[in-house]
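Colleague: Take a look at the following structure, please.
Just so you know, all these numbers are worked out from the coordinates, no wet-lab data involved. In this text the structure is predicted, and so the values were computed from the model without any measurement. Here the Cβ positions follow ideal geometry from the backbone for every residue, glycine too, while neighbour counts run over all protein chains shown.
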Amino acid sequence: MNLRDPAGEDPLSEAERRQIHYWMRLTRTLDDRIISLWKQGRGLGGTFSQRGHEAISVGAGFALGPDDVVAPMHRDLGCYLLRGMTPARLLASQLGRATGVNRGRDANLHGCGDLDLNIIGFVSHLPQSMPVALGAAMAFQYREEPRVAMTFVGDGSSNTGLFHETLNLAAVHEAPLVVIVENNQYAYSTPISQQMAIEDISQRGTAQGVTSEIIDGNDVGAVHGAATVAVERARSGGGPTLIEAKTMRMLGHAIHDGAEYVPADLIDKWRKLDPLERYEQTLRDDGVSDDRAFGAVAARCKAEVASAVRFAEESEWPDPQTVAEGVYAP
Amino acid sequence: MNLRDPAGEDPLSEAERRQIHYWMRLTRTLDDRIISLWKQGRGLGGTFSQRGHEAISVGAGFALGPDDVVAPMHRDLGCYLLRGMTPARLLASQLGRATGVNRGRDANLHGCGDLDLNIIGFVSHLPQSMPVALGAAMAFQYREEPRVAMTFVGDGSSNTGLFHETLNLAAVHEAPLVVIVENNQYAYSTPISQQMAIEDISQRGTAQGVTSEIIDGNDVGAVHGAATVAVERARSGGGPTLIEAKTMRMLGHAIHDGAEYVPADLIDKWRKLDPLERYEQTLRDDGVSDDRAFGAVAARCKAEVASAVRFAEESEWPDPQTVAEGVYAP
Amino acid sequence: MTDGNFGFADQPASTGHQKTYIEAISDGLATEMANDPNVLVLGEDVGGSFGGAFNVTKGLAERFGDRRVLNMPMTELSFIGAANGMALMGLRPVIEVQFADFISTGFDSIVQFAATTHYRWGGSVPWVIRAPSDGGIRSGPFHSQNPEAWFVHTPGLKVVAPSTPADAKGLLISAIRDNNPVIYFESKPLYRSLKGPVPEGEHSVPLGMAAVTRQGTDATVISYGAMVHQALAAAGTLAGEGIDVEVVDLRTLKPLDTATVLESVAKTGRSLVVHAANRLAGIGAEIAAVIAEEAFESLDAPVMRIGGLDTPVPFSPPLEDVYRPDQHGIAEAVRRICSY
Amino acid sequence: MTDGNFGFADQPASTGHQKTYIEAISDGLATEMANDPNVLVLGEDVGGSFGGAFNVTKGLAERFGDRRVLNMPMTELSFIGAANGMALMGLRPVIEVQFADFISTGFDSIVQFAATTHYRWGGSVPWVIRAPSDGGIRSGPFHSQNPEAWFVHTPGLKVVAPSTPADAKGLLISAIRDNNPVIYFESKPLYRSLKGPVPEGEHSVPLGMAAVTRQGTDATVISYGAMVHQALAAAGTLAGEGIDVEVVDLRTLKPLDTATVLESVAKTGRSLVVHAANRLAGIGAEIAAVIAEEAFESLDAPVMRIGGLDTPVPFSPPLEDVYRPDQHGIAEAVRRICSY
Ligand SMILES: Cc1ncc(C[n+]2csc(CCOP(=O)(O)OP(=O)(O)O)c2C)c(N)n1
Ligand SMILES: Cc1ncc(C[n+]2csc(CCOP(=O)(O)OP(=O)(O)O)c2C)c(N)n1
Ligand SMILES: [Mg+2]
Ligand SMILES: [Mg+2]
């Protein structure tokens, strides 16, 4: 259901809604498979799960046009996928293969950038993607291109100075920037109550003069609706928007983390709000899709992921002779 | 006039009010003398004027007890003076002499720290004094000492990430910290309208959960009253406060800067609000002092400053043999 | 300075319980917290039952109370800045940055404030930053860095980098007791792979003193951290070839114990400096330059350096393996200088 | 690489108008802005009629419009970060940090994002940071820094440091055209004290090439920035004593032109590296280490280094004067290596 539309009608076509569902399912399927691979010892280094964040990364990413630029972070698998980064390339990257997005140079989703897909790769140092996305937005302004930049940031990252500096600068320049705050209530082991003395991160946007709002981050319609409004605002010269999407990190910080520090009932509560199940229910209720179709989507996603795993595991390793290549652009 | 007291009665004794006036006058006198020395070519390196900021640095500083700690910045001459740093030491410091606060190691008011006076010296990198003052406040909490830390920060500095990070951390820890924002409408040549998209800096405090308010920074009674309430709040476990004092930088950023970029009528408007003249008028109106007494204070300040100039100019230079001493604490 | 310092002299090889390198760090921290109520711990995720990304601080909150083990938001610049203020007020904060890579986020609070304060106006800033550093464990460019050269170049800091469990404990305790800002680079690859004897209770190893970890006569390999063990392994191989290698473990990178280095090179006439950090303009350059200037007449071969390549630390094993120095490269380089 | 590079070969001593070093920087900037609409300027106070703390950008806003000269709030971390994004989108931002000392505030955006991006995923980040550096002008520890070593040690950056007006223009233009992040350290003490011929219009000096600024046979002094002129002055003095000094001006610090350095040392057999930055673990260490390793057989004396002391830059003249290298210390050191 799209919160933007008081009449309750979804502005998306049925086909678009089925696409959103597909991306969410693909994201979940790939994420689950990554976890199982790592548990089987077939992974390399650490990896992050995005379980529970599908509505945010897919819903927001789906609001962008092809010429818009996105700078996602470590839990935005869905956004990478829907921008055209294939499961095969993403998995090969995570397994350090020559065929991966970053040719073995960077770990897990780090550095999964590809300007042909208008995706900017991220560095660990959070939230460095924020000013970079702002700079992209300022470049669009400078060249008078009708393009928008979007970036994602966590609750933990919203405490950093860089978060505030970027919002301020975006407001001063009325830059076409959309910032999605994924408030998943934890930064690693630290609950939000130990990170900040406030309830809502959105007020940090308001304080810099950035239009800011709060949405249900497990409702993909709400996310997509808010993101669409924000993208349109940005594109039409209305300046930056901050969207705080409330959600919950359903697994550990990274694969090795059992998250024993999270109260079980908190997880239980949010498990009932699973964004994928909720969207399937909505699509059922609205007669847009049904269990048979969902089954077909799930099977297709499973097959795509299985072939990606094969591709990645069979891919060659990077040639050690090339290790010093590419430090500098020619 | 103290804004805290609706009955309009000043909680300060007449003697205290005369003390405040003395510190303001001494500050102005010393500042004026520094400017004239530098214009005569008797200075060393650059220097900053604090003209127009007397009400803030003196009013806020006067609210502290002797065991409280303060971390002032480059326009808070009055605060250094009232904490017991003499004009002679301050001037010798600015002239790079061995008898200066920092023995020739640091320029102008930079690095004028002295823990015997509970003053923390500052570095150029703004606003590094903020987290340091917070750390002092957290040390008091840790040791359960009834002490408060105060720091000062400019409008320009309030755009930095460090400003926001510090406020957030202070709020989370409910630290006994008082932050005085000197909103003098410019950061070097950059007017506040180019620095931020908001009107009031105080809302940045509110957004982190820090009690925040706005006062007239050219009214020493208002500054002192607000600071006193904040210091008491901090001391009694009520957590941090941000006070935005609105004022105007009356001269250039530093001695070499003619500030041609500031509209003349803005300066004219604020000249009429000169904090020292206003306080003298209040003291006259309230019958606390009169022109004769003001004349005597001015003469005393002039003599003190003259003797400080003599002391500083006659002081020996640091011994070059000692250049590498003191990098490490023993 | 180096008297009695040869052959593990202050590395109590036979006393103390066996502990891993990481257990020794926890031990050092707990020992000094018990010893001095001014010592407190702060960093991301260090508190509560969790005890940090590597569990170094696990149990400390329970034992010493929550007020002495503070979880910080992910804001290195401000919490290191706050530690500056705590230290000025007489506390001795031990700061954990989650990975050494994130120390750059707190850079100004370290290099501009902490490093300069005593020189400028006499304030003393006695903190320790614990920085889990180094790679070889497939964690990519942002969880493998060795940024020590930035800090060695900065006046006013001290820098240590232990290579053994006993030193990990002893140097940490000395670092906490030191009245200056000390950056303590701990070696992630050694955390659980290296076990050794660690004295119980009080045990300190003075800052600024290198150790001659293996005596030899033909060439000196100078290193620190995990690379010391690669050097020792290479020395073992070379012993079989009749090359007798002396291994100097710097232990402290600032102040550098150049006396021990020069004494060794005076004896062997050949030297190789090894570190995992990027070779270019790394600490190895400083040591090589000191040797080249001050041991000129003793040198029978050019002083060589081995270090990380001038690239970010690559993630993929075949790339990281060529990026990173190891015993084979060390052995090869020693053969070269010995046959010079 | 060094062919035709001797004796000011590409320093057009006789062509071009006389300009001060700082005028040459402004000229380079304006030339390239006129040349390429993707070039824009950003930094604190650079815009409007003011034109920056040193007036380098004065007149640019008027000439090229306010949209190409952007005043930034005092937030180096985010505006350098924004420049990263602009550069990824094909612009060529030229960033002014008000003093080189404040570059540390933007550290992560430089060393973590900009430096690593091309290696990791191929994005190219073509910006220039102009950093007014160096001291000797009584501006104390926070307006006198020479932080180049931090960046030379960091893979993925380029670093330049011109010593003449012609190079100031030519290297700036090359830096802007380079497809990588380049840090351009300009010398405050040379700003208005040094005048020289500067070609009009198009003029670029390639990155990565040192210049032999004075030919000589007895010893090589390797330097950059303001210290080149101290070296030349010392060479003048020493010429009167019969010591013929070659002076190498590095011009680019990363990538280092070690070929030119080694060629010169091969000829003279004696070398001294000089910089105003702290000597300890500075760039001089790298150069000395390269010479010690690669020119071992040509050396008739140990390679020496002169640099700033291992202290913050002190404010007071008698202190700064001993802190800072000068022609007398250089001459003395050359005498020492020449009488070795
Ligand atoms: C500057 C910095 N410091 C520390 C870290 C280590 N770290 C990685 S993720 C993380 C928690 C991030 O929390 P949040 O922003 O809420 O994102 P989430 O992982 O919950 O999605 C931390 C502390 C980092 N990446 N960057
Ligand atoms: C991190 C940093 N960048 C740049 C500077 C250079 N600088 C010194 S003062 C100043 C303006 C500060 O403005 P504000 O905070 O409003 O204080 P004011 O001078 O107006 O009192 C600038 C840009 C600095 N000190 N620190
Ligand atoms: Mg989170
Ligand atoms: Mg201001």
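Colleague: With the alpha-carbon atoms as the only input, what is the per residue convex hull volume for chain A in Å³? Walk me through the numbers on the way to the answer.
Modeller: Numbers: hull volume 45.4 nm³, N = 330.
Cα convex hull per residue, to the nearest whole number: 138 Å³.
Colleague: Would you mind computing Rg(Cα) / (2.2 N^0.38 Å) for the protein assembly as shown, counting N as its residues? Working shown, then result.
Modeller: Values: Rg = 30.8 Å, N = 1340, 2.2 N^0.38 = 33.9 Å.
After normalising by residue count via 2.2 N^0.38 Å, the value is 0.91.
Colleague: Can I ask one more? Determine ³J(HN,Hα), in whole Hz, for all residues of segment A:132-140 in sequence, where each value follows from phi through the Karplus function 6.51 cos²θ - 1.76 cosθ + 1.60 and θ = phi - 60°; x replaces Gly and Pro.
Modeller: 5, 4, 4, x, 4, 4, 5, 5, 5
Colleague: So, in Å, what gap is there between the alpha-carbon centers of segment A:289-316 and segment B:273-318?
Modeller: Each part reduced to its Cα centre gives a spacing of 82 Å.
Colleague: Hey, can you grab everything whose amide H is under 5 Å from the amide H of residue A:215? Only 5+ residues off in sequence or another chain; H modelled, so Pro and N-termini drop out.
Modeller: It is A:244, A:245, A:246, by chain and number.
Colleague: Further question: Once phi is turned into ³J(HN,Hα) by the Karplus curve 6.51 cos²θ - 1.76 cosθ + 1.60 with θ = phi - 60°, what whole-Hz value does each residue of segment C:245-257 show in order, with x for glycine and proline?
Modeller: Per residue, the Karplus-derived 3J(HN,Hα) values read 9, 9, 10, 9, 9, 5, 6, 10, 9, 8, x, 7, 8 Hz.
Colleague: Enter the mean number of other protein chain beta carbons within 10 Å of the beta carbon of each residue in A:257-267, as an integer. Walk me through the numbers before you get to the answer.
Modeller: Working: counts 3, 0, 1, 2, 4, 0, 0, 0, 0, 0, 0.
Across the residues of A:257-267, the mean count of other-chain Cβ atoms within 10 Å is 1.
Colleague: I would also like to ask the following. How shielded is D:17-26 by partner chains, expressed as the average number of their Cβ atoms within 10 Å of its Cβ atoms?
Modeller: Values: counts 0, 0, 0, 0, 0, 0, 0, 0, 0, 0.
Other-chain Cβ atoms within 10 Å of each residue's Cβ, averaged: 0.
Colleague: Which order do the peptides B:51-62, A:135-146, C:170-181 come out in when sorted by mean C-beta neighbours inside 10 angstrom, highest first? Can you show the working numbers first?
Modeller: On the way: B:51-62: 28.9, A:135-146: 21.6, C:170-181: 24.6.
Sorting B:51-62, A:135-146, C:170-181 by mean packing, highest first, produces B:51-62, C:170-181, A:135-146.
Colleague: To the nearest whole percent, what portion of all C-alpha pairs in segment A:164-305 is separated by more than 22 angstrom?
Modeller: Values: 5410 of 10011 pairs.
Summing the P(r) tail past 22 Å for segment A:164-305 gives 54 percent.
Colleague: Specify whether the C-alpha gyration tensor of segment B:265-324 places it in the rounded, prolate or oblate class, a ≥ b ≥ c being the square roots of the eigenvalues: rounded for a/c under 1.5, otherwise prolate if a/b is larger than b/c and oblate if not. Walk me through the numbers before you get to the answer.
Modeller: Numbers: a/c = 4.16, a/b = 1.97, b/c = 2.11.
Cα axes put segment B:265-324 in the oblate bin.
Colleague: What shape does chain D take by its C-alpha gyration tensor, where a ≥ b ≥ c are the square roots of the eigenvalues and a/c under 1.5 counts as rounded, a/b above b/c as prolate, and the rest as oblate?
Modeller: On the way: a/c = 1.65, a/b = 1.63, b/c = 1.02.
Cα axes put chain D in the prolate bin.
Colleague: What's the center-to-center distance, using Cα atoms, between segment A:191-219 and segment C:42-121 in Å?
Modeller: So the separation of the two Cα centres works out to 26 Å.
Colleague: Pick from C:122, C:43, C:140: which is most flexible by mean-square fluctuation in a GNM of chain C where alpha carbon atoms under 10 Å apart are linked?
Modeller: C:122
Colleague: Any chance you could give the angle, 0 to 90 degrees and rounded to 10, that helix C:76-88 forms with the longest Cα principal axis of chain C?
Modeller: With rounding to tens, the tilt is 80 degrees.
Colleague: Averaged over A:170-181, how many beta carbons belonging to a partner chain fall within 10 Å of each residue's beta carbon? Don't skip to the end; give the middle numbers.
Modeller: Working: counts 3, 3, 11, 5, 1, 1, 0, 1, 0, 0, 0, 0.
Mean partner shielding for this stretch: 2.
Colleague: Ranked highest first by the average count of other Cβ atoms within 10 Å around their residues, in what order do C:291-300, C:24-33 fall?
Modeller: On the way: C:291-300: 18.3, C:24-33: 24.5.
My ranking of the peptides, most packed first, is C:24-33, C:291-300.
Colleague: While we're here: Hey, got the Cα dimensions of segment C:193-340 along the principal axes, in Å, largest first?
Modeller: 42, 42, 33
Colleague: Dipole of chain B, Cα-centred, from +1 at each Lys and Arg C-beta and -1 at each Asp and Glu C-beta, to the nearest 20 debye? Mind dumping the intermediate values first?
Modeller: Details: 31 positive and 44 negative charges, 137 e Å.
Dipole of chain B, to the nearest 20 debye: 660 debye.
Colleague: Out of the GluC sites (Glu not before Pro) in segment A:244-330, which ones are loop residues according to DSSP with at most 14 other C-beta atoms within 10 Å? List each step's numbers first, then the result.
Modeller: Values: sites: A:244, A:260, A:277, A:280, A:304, A:313, A:314, A:316, A:325; in loops: A:260, A:316, A:325.
Qualifying residues, ordered by number: A:260, A:316, A:325.
Colleague: Would you mind checking which residues have amide H under 5 Å from residue C:222's amide H? H placed 1.01 Å from N; only 5 or more apart, or other chain.
Modeller: Long-range HN contacts for residue C:222: C:248, C:272, C:273, C:274.
Colleague: Mind checking the angle between helix D:165-177 and chain D's longest principal axis? C-alpha axes, 0 to 90 degrees, to the nearest 10.
Modeller: So the helix axis and the longest Cα principal axis differ by about 50 degrees.
Colleague: Jot down the per residue volume, in cubic angstrom and as a whole number, of the convex hull over the alpha-carbon atoms of segment A:195-236.
Modeller: Details: hull volume 3.2 nm³, N = 42.
Cα convex hull per residue, to the nearest whole number: 76 Å³.
Colleague: While we're here: Please find, in a Gaussian network model of chain D (springs between Cα atoms separated by less than 10 Å), the residue of D:187, D:78, D:204 whose mean-square fluctuation is greatest.
Modeller: So, out of D:187, D:78, D:204, the one fluctuating most is D:78.
Colleague: Lys/Arg Cβ at +1, Asp/Glu Cβ at -1, dipole of segment D:17-198 taken about the Cα centre: which of D:198, D:170, D:25 is farthest positive-ward?
Modeller: Result: D:198, furthest along the dipole toward the positive end.
Colleague: Per the Cauchy relation, a quarter of the hull surface: what is the mean projected area of the convex hull of the alpha carbons in segment C:17-198, in nm²?
Modeller: Details: hull surface 37.2 nm².
Result: a mean projected hull area of 9.3 nm².
Colleague: For n ≥ 4 DSSP H runs only, could you compute -39500 (n - 2.57) per run for chain C, divide by its residues and tell me the 222 nm figure to the nearest 500?
Modeller: Working: 11 runs with 113 residues, N = 340.
Result for chain C, helices only: -10000 deg cm²/dmol.
Colleague: Please arrange C:229, C:275 by how many other C-beta atoms lie within 10 Å of their C-beta, fewest to most.
Modeller: Numbers: C:229 21, C:275 29.
Lowest to highest Cβ neighbour count: C:229, C:275.
Colleague: Here's a follow-up. Considering chain C as a Gaussian network with a 10 Å cut-off on Cα pairs, which listed residue, C:274, C:290, C:46, attains the greatest mean-square fluctuation?
Modeller: Most flexible of the set in this elastic network: C:290.
Colleague: OK, next. Quick one: Cα centre-to-centre distance for segment B:79-96 and segment D:264-340, in angstrom?
Modeller: 39 Å
Colleague: I would also like to ask the following. Can you give me the long-range amide H partners of residue B:120? Hydrogens built in the peptide plane at 1.01 Å from N, cutoff under 5 Å, separation of 5 or more residues or another chain.
Modeller: HN-HN under 5 Å from residue B:120: B:70, B:71, B:114.
Colleague: Further question: In whole Hz and in residue order, list the ³J(HN,Hα) couplings for segment C:221-232 that follow from phi through the Karplus curve 6.51 cos²θ - 1.76 cosθ + 1.60, θ = phi - 60°; x for Gly and Pro.
Modeller: 9, 10, 7, 6, x, 4, 5, 4, 6, 5, 5, 5
Colleague: Could you calculate, for segment C:137-253, the ratio of the Cα radius of gyration to the Kirkwood radius, expressed as Rg to Rh?
Modeller: Working: Rg = 15.1 Å, Rh = 15.3 Å.
Radius of gyration over Kirkwood radius for segment C:137-253 works out to 0.99.
Colleague: Counting C-alpha atoms alone, how compact is segment B:13-144: give Rg to one decimal and Dmax as a whole number, in angstrom.
Modeller: Expressed in Å, the Cα Rg and Dmax of segment B:13-144 come to 14.8, 50.
Colleague: Using a 10 Å cut-off on Cβ atoms, rank the peptides B:116-126, A:13-23, D:147-157 from the highest mean neighbour count down. Each step should come with its number before you reach the end.
Modeller: On the way: B:116-126: 22.9, A:13-23: 17.1, D:147-157: 25.9.
Ranking, from highest mean packing down: D:147-157, B:116-126, A:13-23.
Colleague: For Cα pairs less than 8 Å apart in space and 6+ apart in sequence, what is the mean separation divided by the residue count of chain A, i.e. the relative contact order in percent?
Modeller: Details: 643 pairs, mean separation 78.5, N = 330.
Answer for chain A is 24 percent.
Colleague: Something else about it: Shape of segment A:121-203 from its Cα gyration tensor (a ≥ b ≥ c, root eigenvalues): rounded if a/c is under 1.5, otherwise prolate when a/b > b/c, or oblate? Write out the running numbers ahead of the final one.
Modeller: Details: a/c = 2.69, a/b = 2.06, b/c = 1.31.
It is prolate, given that a/c is not under 1.5 and a/b is the larger ratio.
Colleague: What's the Kirkwood radius of segment D:190-252 in Å, using all Cα pairs? Working shown, then result.
Modeller: Values: mean 1/r = 0.0775 Å⁻¹.
Final number for the Kirkwood radius of segment D:190-252 is 12.9 Å.
Colleague: Moving on to the next point. Distances from residue D:242 to the same position in the other copies: list them in nm, one decimal, shortest first, using label points 7 Å from Cα along Cα→Cβ.
Modeller: Result for residue D:242, in nm, nearest copy first: 4.9.
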